[in-house]
Amino acid sequence: MFVQWKGRSRRNDERGTTMTGVDPDRLDDQQLMKELETIHRTRHDTLLYGSNDALRAHNDRMAQLEGEYLRRNPGRFVAPGRTREGARERADVANGGRGARPASGTVAAQAPVGKWGPGSAGADAGAG
């Protein structure tokens, strides 16, 4: 496949594999989001079942797409819970406000938070 990248024509990248896809900076915002959604949706299967070359190509394409998204959206909203400080606060709440992460093997340490389970995992630790 013939691809144009940053004004340079190349048939292969430095590893000798064929590059595919449109250069991310040539995609409009809607196309970029669709590409990102697709690559994130296929990530798990590529990791589990893809060849090393497929995984390498997936990594490269994902980095290009995500880099372009970040370039276009430098002031994007960042949810407080998705920062290191927010993660520390979740750990502190799960540990009853004692300031340290729960010990390994405790219910609070094993309980999922966020979309994978309740955020108040320690509240029903004695139930069962």
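The values are calculated or read from the model by the stated rules, or taken from the named source; none is laboratory data. It should be emphasised that the depicted structure is a prediction, and the values quoted were computed from it without experimental measurement. Here the Cβ positions follow ideal geometry from the backbone for every residue, glycine too, while neighbour counts run over all protein chains shown. Heads up: the accessible areas ignore ligands, DNA and RNA and are worked out on the full protein's heavy atoms, side chains in. Shrake-Rupley method; radii C 1.70, N 1.55, O 1.52, S 1.80 Å.
Brief remarks on what is shown
- Hey, Arg56 modelled with pLDDT of 95 or more, open to solvent by less than 70 Å² (accessible area, probe 1.4 Å) and of a type in the set (Lys, Arg) or not: no
- For segment 21-53, taking the residues that are farther than 17 Å from Leu65 by Cα and charged (D, E, K, R), the one that is nearest to the chain's Cα centre (by Cα) is identified as Asp45.
- Complete set of residues in segment 60-88 that are touching a helix residue (DSSP H, G or I) at 6+ places or on another chain (Cβ under 9 Å), of a type outside the set (Gly, Ala, Ser) and assigned to a helix (DSSP H, G or I): Arg61, Met62, Gln64, Leu65, Glu66, Glu68, Tyr69, Arg71, Arg72, Pro80
- Pair list, Cβ under 7 Å, 6 or more apart: segment 39-57 residue free of Cβ contacts under 8 Å to residues at least 40 places away in the same chain, other residue open to solvent by 90 Å² or more (accessible area, probe 1.4 Å): Leu55/Leu47
- Scope segment 59-73; condition hydrophobic (A, V, I, L, M, F, W, C) and surrounded by 15 or more Cβ atoms within 10 Å (Cβ to Cβ); matching residues: Met62, Leu65
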